[in-house]
Structures are given as C-alpha cells and as structure tokens.
C-alpha cells in the first residue's frame, strides 16, 4: 500500500493538492507583485571549496530567465561555485546522461536540474538519481507532500495541465472531452503531439482514463486513435511548439492536445495579448504533468552540497513563484504568490487540480518503448 | 617546370610517399573513428532491452524484431522511395541548371547564379523547414497561386505529407546535385565540342556525343551525394512530414529517446548498409557504363 501510494497519487492526495492550490491562489491574491529572488544561504556552499556544477534547464518559453537569475545570484554569494547551464529537452538530454554514465559513472553530464515526470520515472527505474537530503534542502518542507518522491529521489516543484488547445476565433463550441479529439466536427483539423517527442502519451493516457481505462488498460485508447488516424481525423502530428502554434493560429488545425500553459503564454505574446488561442480542460480531467528537481549520481560531495543549496534557493516561495508566473506553471510549493492573470485562469483553480488525471507513470514508463512502437504502427502508420 | 615523379622508379616512389604523407593522417583518423563507431554500434545492436534499460547480454532480439515486423519494411520502402524521388528530381532540375551556368558569359551573372543555387545552404535546415511550413500550408503561397490560376478547386494538401517533404528536400539538396555536375562540365575541354562542330555535328549531336558522356562522373557523384543525404534526412521529414513520413533517422532518434538503443542501433546499421550498398552498386554501374563507352570508341 505504502509503495503504491508513493508511486501513484491517490484521490485523497489530489483533494489535499487542490486545497493547497486554493491556498496558493489565496495567498497570491490582490495582484501581489512578483517578489525578488530569495537570498542564498548565509554559509558558503561546499564549505567554500571551489566547485563546478552543470545544471540542466529547459529551453524556450521563458524557461531560462529564472535559472539565469538564480545562477547570477548564487555565484555572487558563493564565489567558489561556478554553475554552467545546460539547456535542452528531457527527451534529448536524458539519453545523453545515460550514455555519459556508461562512459564514466563518476563524471555525470549533468549534476542537477529540472526534469519532467517522464524523466523522473525513467531515472527512478534506472537508478539515475541521488536521494535528496532534506537537511540540506530545508525548503523541501514547503513542497506539497504528494510531490515528494519515495526516498526523496526527486522533489516536485510544479505541474502543467495537459488538455485541449483550440482556436477560439474559429471554434464556436469548445471541446469538452478527451473524446472530442475524435469528434466529426473536427475531422482533419486535429493535431497531436507525436508520441516520441514526449507528449503524445498524454493524449493516449487522457483518452484511456476518460473511457474507463488507465495505464494498465490502454488498448481501447490505442484502438480509438488508430481508427481515427485511418479515418483522416488528424491533420498531423507535431514535434515542436511552433508547428502547433502556427497551424492553430492559421486555422489549419482547430484542436490539439497540448499543455494548457502554452495557450496563456502564446496569447500574451500576441499583439494586445489577444491571440486566437484558448484551452479546454476536459470534463474527465486534464493530465497533470509534474516537474521535479533531481541530483544525479556520480556527483562529488561538494557538488551535491552546492546543488542542494541551489535547489533550496529555487524552492523558496519568491523564486518558484517567479518561475511559475513566467512560465504559467502551477506551483507545487505552498504559499506561492501568483499574478492575478494566472489566478483567474481555470487551469489554476483548485477544482481543476483536484479533478486532474494523475497517471501511473511507473507503469507508463515500463511500457514506454512498446507503446511508442504501437503508436508508430497503429496511429502514424495509418494516417 | 612540373615534377615528373612517374618518369623513373625513384620518381614513382617519391610520388607514392608524397601521396601517403598527404592522405595517410586523414585516412587513418577517419577509418579509426568509423571502425570504432561501427563496432560500438554493432555491439549495442546485439544487446537486450528490458523495456527501461539496456542490458549487456548478447541476444540479437532487436534484429529479430526489426526483420520480422512488416512495419519496418514499410518504413525502409518509404525511405528508399523518398530518396530516389528526391534524387531523380534533383538530377532533372540540377543538370540543366549546371549546364546553363557554364554557358553564362557575364561574370556578374555567374556570381548571381551561384548565390541563387547555393542560397539554401546559407540558412539552417530548421529555418528552411519553417519557411516551407508557411509556403506549403493550405492557406499558403502555393495553394493561393493554384487557386488564383484555377488549377485546383480547393486547397490541396502539400504540407504534412510526402509531397511537402520531397519539395523541401529537393530545395535543400539541389546545391549538392548542381555542384559536382558543374565542376565536371567546367573541366570539359571546349575544343572537343568545337572539333565536333568542325566535323559537322549539330549542337544537339555535340551535346549527346561529347558533353553528356563526359559529364557522367559528375552525374554519378551528384546522384550518390543527393541520395545519401536524402536517406539521412531528419529535420525535413520531422518538421514537414507531420507523422505521415516515417523514415529510419526518425525512428533512430525516437528509439534513442526511449533508451531502446539496441533497436536504434539495428536501424542505424540497416541505414548504413542501405547507403553503402547503393554506393557500391552505383559505382559498379558507373564502371560498367564507362567500359561500354570505351568499347564504343
């Protein structure tokens, strides 16, 4: 029971999560300005000894702003620490980390950084992560309990809701269900994130859970996608943000399964903030896609000390709040201030978080390669 | 005065030493890198994948999986068709282009032609692919023109399909086709055509009896280069294929991401074998063709 509880988040935990999200929004009310970054710890990291760290951060969409601020601030207060930022995607970087471990397990490619739930679970199954020390990262206490991983192999800091994006200027009746991906009114106008690029499995899982299945009962969902592909339901599979953004904006695609946060940030980028993008949270629930901090095995004790101190800085309420505000991410740290625009967004509401689908990622990851091949054969092969 | 190494045995030895000295380091370096990489690839292809991890146990199951699943045969077939179509179009478009450039007399126009032909290489493949996204879309430039000219009644699908990928590949690979042909055509002695004309050959006869056979080495090199690059294309099928164009480089990338490295290694091995077999086959064909031409003389 305990084991299962650690790997999957129960309904009760979800309700608790919703409560925290509510508190989060409450604390962030009245348009509180984004606070300055939290000051780094008073004692020098790694006992003042010289240490070089490589930190993995995500690329694009404002993801690099806060990491650069944290790096500058941390290096200023800890002149003995040098942080090199390694920008990339989980899908590309994680295999490189595995390859480097084969070359030399004591010289990891990355010492610490941000990883999504897919990489987090891969790393758990693969023994990639070190156990985080709550003594060295006291701000872990502020993270919502269901975002603590078993053995502290990672610590959650936020999540994105994976739902349905659509062109609000062309779609008068928004999609309401995962099954709307197969609705005749959207025939030939649906785009899906390609499976191998790290997103398509969210669509499959969303459809599975919406139709009484789950990560262990996925067949019906694959059959639905396969039939729809053969019937010409899908315009294309996309692998980059620009592909789906461009297709939705021009009306070539009307609906796409994707991260809801992009509809928010893309609209903000449009002139007057009036872009054509909107998102719908399926009535069966959005898929909660969670993000973690991890430290990689093979790092030296000094690197672990310094990385822990940096993670602690990130987990401070002002820092994580700034990150979430810039990237439209739902924080997993309690008491974080969000800007009013985000507070109004449906995806940030406690009810949406409560109702979110939290797939069994461990099962999903064990099946990942097999499901990807099935996707290639049964969905892509029939388009 | 030019050196005459081959005139005496000493000269031949000197030439041989000079060639070894010039070619040796690069050959040894490239061969070593290639061999080491191939060995790692072959060893990885034989390993066992548990679903989450690669285990260093020799099972060869990835080969069994690849060669018994008809899905992969379909992918290989689609890839060969795409590469052959792209190469054929590039040759049909590239040869007249190269020939025309050799006929331009004004240096300014020659430079302009070079810039035009080689401009695709001045931008990154990703930028080019995004450009094609705009041009080939249903509401894009091509469909707009087709509709305005009443050539189609409704926008046609050019994007997220093999058509768009082929068009974009031709665009990016055309310089690689033109250049080898152009370099051979420029080396052709104009006196040969003049002699043919003096002996009463028409321009067309002069082209088909002199220029065309002499340009074969460039034509073969262009075909080989274009085919190999088309077989290895990743960005264009990825961004413009929309999932409908499945080729081995895409599968290799996906399997690496999934940590299914044995299957990725098998796919890479198959791709290498396909490319090498094509190169070898075309070289044999080329030699036979040359021998036929020699016989005719």
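Where a number appears in this text, it was derived from the coordinates with a stated rule and is not lab data. Note that the structure is a prediction, hence the values are computed from the model and not measured. A quick note on method: Cβ atoms are made from the backbone with ideal geometry, for glycine too, and the neighbour counts reach across all protein chains shown.
Once both labels are modelled 7 Å past Cα along the beta-carbon direction, what's the residue B:64-residue B:197 spacing in nm?
For residue B:64 paired with residue B:197, the spin-label model returns 6.9 nm.
Taking beta carbons within 10 Å but only from partner chains, what does the mean come to for residues B:232-241?
If you average over the peptide's residues, the count of other-chain Cβ atoms is 2.
Just subtract the alpha-carbon distance of residue B:212 and residue B:121 from 0.36 nm times their residue separation and send over the number in nm, one decimal.
30.0 nm
Treat the protein assembly as shown as a sphere of radius equal to its Kirkwood radius over Cα pairs and apply Stokes-Einstein at 25 °C in a medium of 0.890 mPa s; give the translational diffusion coefficient in µm²/s, rounded to a whole number.
Values: Rh = 28.4 Å.
Translational diffusion coefficient: 86 µm²/s.
Using only Cα atoms and rounding to the nearest 10 degrees, what angle (0 to 90) does helix A:117-126 make with the longest principal axis of chain A?
60 degrees
If the elastic network links every pair of Cα atoms under 10 Å, which of A:275, A:163, A:212 fluctuates the most in the Gaussian network model of chain A?
Highest fluctuation among the options: A:212.
Roughly speaking, what is the stretch gain from residue B:189 to residue B:163, that is 0.36 nm per residue apart minus the C-alpha to C-alpha distance, in nm to one decimal? Don't skip to the end; give the middle numbers.
Numbers: separation 26, 0.36 × 26 = 9.36 nm, distance 3.97 nm.
Length gained between residue B:189 and residue B:163: 5.4 nm.
Residues in the stretch A:243-263, backbone N under 16 Å from the label point at residue A:185 (7 Å along the Cα-to-beta-carbon vector): list them, ranges by number please.
A:254-256
Per residue of A:372-381, count partner chain C-beta atoms within 10 Å of its C-beta, then hand back the mean as an integer.
Details: counts 6, 10, 1, 2, 9, 7, 1, 1, 9, 7.
Counting other chains' Cβ atoms within 10 Å and averaging over A:372-381 gives 5.
Ranked highest first by the average count of other Cβ atoms within 10 Å around their residues, in what order do A:366-375, A:99-108 fall?
Working: A:366-375: 20.2, A:99-108: 12.8.
Top of the packing list down: A:366-375, A:99-108.
Treat each spin label as a single point 7 Å out from the Cα along the C-beta direction, and report the residue B:112 to residue A:214 distance in nm.
It works out to 7.0 nm between the two label points.
If you take the Cα atoms of the stretch B:72-296, find Rg, then find the Kirkwood Rh from the mean of 1/r over all pairs, what is Rg/Rh? If you can, show how the numbers build up before the last one.
Values: Rg = 20.5 Å, Rh = 19.7 Å.
Here the Rg-to-Rh quotient is 1.04.
Which value at 222 nm does chain B reach when only helices count, each DSSP H run of 4 or more adding -39,500 (n - 2.57), with the total divided by all residues and rounded to the nearest 500 deg cm²/dmol?
For chain B, the value works out to -24500 deg cm²/dmol.
Comparing B:217, B:107, B:120, which has the greatest mean-square fluctuation in the GNM of chain B with Cα pairs linked when under 10 Å apart?
For chain B, modelled as a Gaussian network with Cα springs under 10 Å, the answer is B:107.
For the stretch A:124-188, what does the convex hull of the Cα positions come to per residue, in cubic angstrom?
Expressed per residue, the convex hull around the Cα atoms of the stretch A:124-188 is 172 Å³.
Kindly list the residues of the stretch A:326-343 that lie in the label zone of residue A:65, defined by a backbone N under 14 Å from the point 7 Å along the Cα-to-C-beta vector.
Label zone hits: A:326-329, A:338-342.
Please check: in the Gaussian network model of chain A (C-alpha springs, under 10 Å), which one of A:329, A:240, A:319 has the largest mean-square fluctuation.
A:240
Is it possible to state the helix-based mean residue ellipticity at 222 nm for chain A, with each DSSP H run of 4+ residues giving -39500 (n - 2.57), the sum divided by total residues, to the nearest 500 deg cm²/dmol? What is it?
Helix-only estimate at 222 nm: -12000 deg cm²/dmol.
Roughly how crowded by other chains is peptide A:362-370, in terms of the mean Cβ count from those chains within 10 Å of each of its Cβ atoms?
Working: counts 1, 0, 0, 4, 3, 2, 6, 11, 3.
Shielding by partners across A:362-370 averages 3.
For the stretch B:1-97, what does the alpha-carbon gyration tensor say about shape, rounded, prolate or oblate, given a ≥ b ≥ c as the root eigenvalues, a/c under 1.5 as rounded, and a/b over b/c as prolate? Show your work: numbers first, answer last.
Values: a/c = 4.53, a/b = 1.59, b/c = 2.86.
Verdict is oblate for the stretch B:1-97.
Pop the C-beta distance of residue A:351 and residue A:172 into the FRET formula with R0 = 25 Å and round what comes out to the nearest 0.05.
Using R0 = 25 Å, I get an efficiency of 0.50.
What angle do you read, to the nearest 10 degrees and between 0 and 90, between the alpha-carbon axis of helix A:65-77 and the longest principal axis of chain A?
The helix A:65-77 is inclined about 0 degrees to chain A.
Multiplying the sequence separation of residue B:26 and residue B:85 by 0.36 nm and subtracting their Cα-Cα distance, what value in nm do you get? Display every interim value, and only then the final one.
Values: separation 59, 0.36 × 59 = 21.24 nm, distance 3.37 nm.
Here the segment from residue B:26 to residue B:85 would lengthen by 17.9 nm.
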